[in-house]
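Laboratory data are not the source of any read-out in this text; all were calculated from the coordinates shown. Everything numeric here is computed off the predicted structure, so don't read it as measured data. Using ideal geometry, Cβ is built from the backbone for each residue, glycine included, and neighbour counts are taken over all protein chains shown.
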There are 2 protein chains.
Amino acid sequence: MTLRVLGVDPGLTRCGVGVIEVSTTRVPTLVSVHTLRTPADLPLERRLLSIARGLEELIDEFRPDAMAIERVFAQNNVRTVMGTAQVSGLALRAAAEREIPVALHTPSEVKAAVTGYGNADKAQVGQMVARLLRLDEVPKPADAADALALAICHAWRRGSVRAAPAAAAAASSAAGLTPAQRAWRDAEKSVRTPRLGG
Amino acid sequence: MTLRVLGVDPGLTRCGVGVIEVSTTRVPTLVSVHTLRTPADLPLERRLLSIARGLEELIDEFRPDAMAIERVFAQNNVRTVMGTAQVSGLALRAAAEREIPVALHTPSEVKAAVTGYGNADKAQVGQMVARLLRLDEVPKPADAADALALAICHAWRRGSVRAAPAAAAAASSAAGLTPAQRAWRDAEKSVRTPRLGG
């Protein structure tokens, strides 16, 4: 029994799309990662259509059980926030149209979930995503890594909600670590996880 | 030869959609006006899907030659600006998908076009829309009137661009008045324009 999650880091110039699966052991595995790009000199409406279609193709190809989108705040970078909000609207609509459950997560929720603290920088998020997914390299660009982090964050949060609360609490208490903290601990045991055929 | 324009005043709670036609004499005529509404307790993605579908149905029913959407600024009402931006993204995508030319106009451009000054209040815009379209009543809610004002603004601005510049300048100079100013003058001649069968 696995849960497949598609994460979207919305943007007009680069829109990150990451697909992961988590098993019942909460171990995430990379399924696919993409960056949808549009040139800045294309009219806004063409850029939005291009990203919407690219996103819908990926959703239809990977058929996720759930989607997670980064929550955009009006206080964010004023120059780009409108385009980012518009892309998030297209992603939300695509999810609703396909009846795929969708959630918004804030950047600090995502950072806290994957690195253990909400103020992690982009490099730390990327490194942690690579470790959690047992990748040889940090996914590039940062938008792609962020989309994977969103998907992992969502899978874990959703997994926690689904688990029997008492059992989940006991398990968490027994380990004394969040999944991210356990992952850090494991990651620190070896700088690079050995991979067969990697 | 008429130009049919569909204006969109984007919003999650109320999204105004106004369709007008302008003849070569630049006189605007009401074709249709609608307010798409979604309840605040519906999940965001369902609200966006509902508005997108409503908008697309209206576009496909009225087949406008052009669309005009209110430009949203990050500095606007922070509580609602994200939803407004998301709806504008859906409207822009719908236009691009149908290859309908689309433009964004700022609220002050719209106010200046229909009332003659950019700081007009909602009531003045509504009254002027009613006068320009020879309606017995101001369209309600304000979102509907704003969508019509957007469509009129766009038709006039586009008309100016299309006319031979010298001829347009001469006509404008001969009258000494913008279309809005001429309309005010005409409107003031009689408090209510007589209508047959109204």
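Couplings for region B:118-129, taken from phi via the Karplus curve 6.51 cos²θ - 1.76 cosθ + 1.60 with θ = phi - 60°, read x, 9, 4, 8, 4, 5, 5, 4, x, 5, 5, 4 Hz in order; Gly and Pro are left as x.
Each Lys or Arg adds one and each Asp or Glu takes one away; over the other residues whose Cβ falls under 9 Å from the Cβ of B:T29, this sums to 0. About the centre of its Cα atoms, region A:1-94 shows a dipole size close to 220 debye [charges on the beta carbon of Lys, Arg (+1) and Asp, Glu (-1) only; nearest 20 debye]. If one computes the Cα centroid of region B:97-163 and of region A:7-70, what distance in Å separates the two points? So the separation of the two Cα centres works out to 37 Å. Position A:D121: other-copy label points at 5.1 nm, ordered by increasing distance, label point 7 Å along Cα→C-beta.
In summary, the aspartates and glutamates within cross-link reach of A:K111, defined as a Cα separation below 15 angstrom excluding same-chain residues under 8 places away, comprise A:D9, A:E70, A:D121, A:D143, A:D146. The mean number of partner chain beta-carbon atoms within 10 angstrom of a residue's beta-carbon across peptide B:50-57 is 2. Each eigenvalue of the Cα gyration tensor of region A:56-157, multiplied by 5 and square-rooted, gives one semi-axis; in descending order these are 22, 18, 12 Å.
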